[in-house]
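A short write-up of the structure that comes next.
The values are calculated or read from the model by the stated rules, or taken from the named source; none is laboratory data. Source: prediction; values computed, not measured. FYI the Cβ positions are ideal-geometry reconstructions off the backbone, even for glycines, and counts take in every protein chain you see. Note: accessible area is taken over every heavy atom of the protein model, side chains too, but ligands, DNA and RNA are not part of it. Shrake-Rupley method; radii C 1.70, N 1.55, O 1.52, S 1.80 Å.
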Amino acid sequence: MKTIQYRSRGQDVHYLEEILTNLGYKIFVSNFFGRDTDLAVKDFQNKNNLVVDGIVGLKTWSKLIELKNDLVAFNDKFLSEKDVKDFANEFGLELAIVKAVNEIESNGKGFLVDGKPRILFEGHVFWRQLERNGVNPLQYVSDKNEDVLYKKWTKVYYKRGQGEYNRLKKAANISDIPVFYEAAYSSASWGAFQIMGFHYKNLGYSSINQFVSKMNEHEREHLKAFGKFIEITSFKGEKLIDWIKEKDWAKFAEGYNGSGYKKNKYDAKLKKAYLKYSSGK
């Protein structure tokens, strides 16, 4: 890990913020070392008898990782270069394409620092899943669960990291009716390629439980789900796998992430990542 501090950017910052979040700090997880992260680092240093300077160097990194002694098992869940190459060859994809999607979807990591798969809970999808299962969401809306049950998409309630698991659990426990559990777990996107849970049946999983169980095993399972998804999913007359082979970033982005891809510049980010990996940088 490189030395980072206030206003640093990059994957090491993202990793630091994941660890701090897991340790209980209320910070925004991103690739930018903001003021909230700076205050959290200084508090951590103070509580662990380190020099309080806000600089995350060798000693601070060592203490952070020491407190996360389950990281050995966690690291066993990562994709290897061979895994990605084998997948690219199996599906006839350029290696740079697979790496680009992996980076943009989950910052290149399918798991949180505690070993749980990365998720993002979508309250508007939860609303639709309940409706599809014969439940009227309006009967369960209250000011206590407005952050997990709403009709239209919004990112206002995103918490990232462990916070998304808190939202997922909250949604599943709104009612003890069994359908709430399946609807909730089907309303999160899972792993390194952020596949929505409600696709589980079309992807060949016997239940949402089997899908979630596989997502907990290894990033290889995330990659398998991604392969199944882009093979079977059609958009504007072609399969997603064909759009991405053609490097039609816009059509792949819209088919994979929905019409909001333009606002998030998903296609531009994909292209940029692809060019980076294809150039060998």
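Can you compute log10 of I(q)/I(0) for segment 168-228 with the Debye formula, treating each Cα as one identical point scatterer, at q = 0.13, 0.20, 0.24 Å⁻¹?
Values returned for q = 0.13, 0.20, 0.24 Å⁻¹ are -0.31, -0.70, -0.94.
Skip the ligands, DNA and RNA, and give the accessible area per residue of segment 84-185 with a 1.4 Å probe, whole Å².
For segment 84-185, the per-residue accessible area is 48 Å².
Under unit Cβ charges (Lys, Arg +1; Asp, Glu -1), what dipole magnitude, rounded to 20 debye, does the chain have relative to its Cα centre?
Taking the Cα centre of the chain as origin, the dipole is about 680 debye.
For segment 159-243, give the percent of accessible area contributed by carbon and sulfur heavy atoms, probe 1.4 Å, rounded to a whole number.
48
Of the listed pairs 42/151; 109/271; 85/151, which have alpha-carbon separations greater than 30 Å here?
Result: 42/151; 85/151 exceed 30 Å.
For the chain, what's the radius of gyration and Dmax over Cα atoms, in angstrom?
In order Rg, Dmax, the Cα atoms of the chain give 19.6, 61 Å.
Specify the residue with the greatest mean-square fluctuation among 220, 167, 132, computed from a Gaussian network of the chain linking alpha-carbon atoms under 10 Å apart.
132
Between 243, 127, 153, find the one with the highest GNM mean-square fluctuation for the chain; connect C-alpha pairs within less than 10 Å.
In the Gaussian network model the winner is 153.
Charges only on Cβ, +1 for Lys and Arg, -1 for Asp and Glu: so what's the dipole of segment 185-281 about the Cα centre, in debye to the nearest 20?
Using Cβ point charges on Lys, Arg, Asp and Glu, segment 185-281 gives about 400 debye.
Leaving ligands, DNA and RNA out of it, rank 101, 179 by accessible area with a 1.4 Å probe, largest first. Let's see the in-between values first.
Details: 101 0, 179 30 Å².
Sorted descending by solvent-accessible area, the residues read 179, 101.
Given a cut-off of 30 Å, name the pairs among 144/214; 77/269; 159/269; 152/236 whose C-alpha atoms lie farther apart than that in the structure shown. Walk me through the intermediate numbers first.
On the way: 144/214 32 Å; 77/269 26 Å; 159/269 22 Å; 152/236 24 Å.
Long pairs (Cα-Cα over 30 Å): 144/214.
With contacts defined as alpha carbon pairs under 8 Å and 6 or more residues apart, what's the relative contact order of the chain in percent?
It rounds to 16 percent for the chain.
Between 139, 199, 154, whose Cα lies farthest towards the positive end of the dipole of segment 133-212 when Lys and Arg beta carbons carry +1 and Asp and Glu beta carbons carry -1, centred on the Cα centre?
The residue sitting farthest along the positive end of the dipole is 154.
Take every Cα pair under 8 Å in segment 131-219 that's 6+ residues apart, average their separations, divide by the length, and report that relative contact order as a whole percent.
16
Once you charge only the Cβ atoms, +1 for Lys and Arg and -1 for Asp and Glu, what is the size of the charge dipole of segment 178-231 about its Cα centre, to the nearest 20 debye?
Once rounded to the nearest 20, the dipole reads 80 debye.
Normalised by the number of residues in segment 171-249, what is the relative contact order in percent for Cα pairs under 8 Å and 6+ residues apart?
Reported as a whole number, the value is 18 percent.
With a ≥ b ≥ c taken as the square roots of the eigenvalues of the C-alpha gyration tensor of segment 73-218, please select rounded if a/c is under 1.5 and otherwise prolate if a/b is larger than b/c or oblate if it is not?
In terms of gyration-tensor shape, prolate.
Can you tell which of 30, 187, 175 shows the greatest fluctuation in a Gaussian network model of the chain with Cα springs below 10 Å?
Highest fluctuation among the options: 175.
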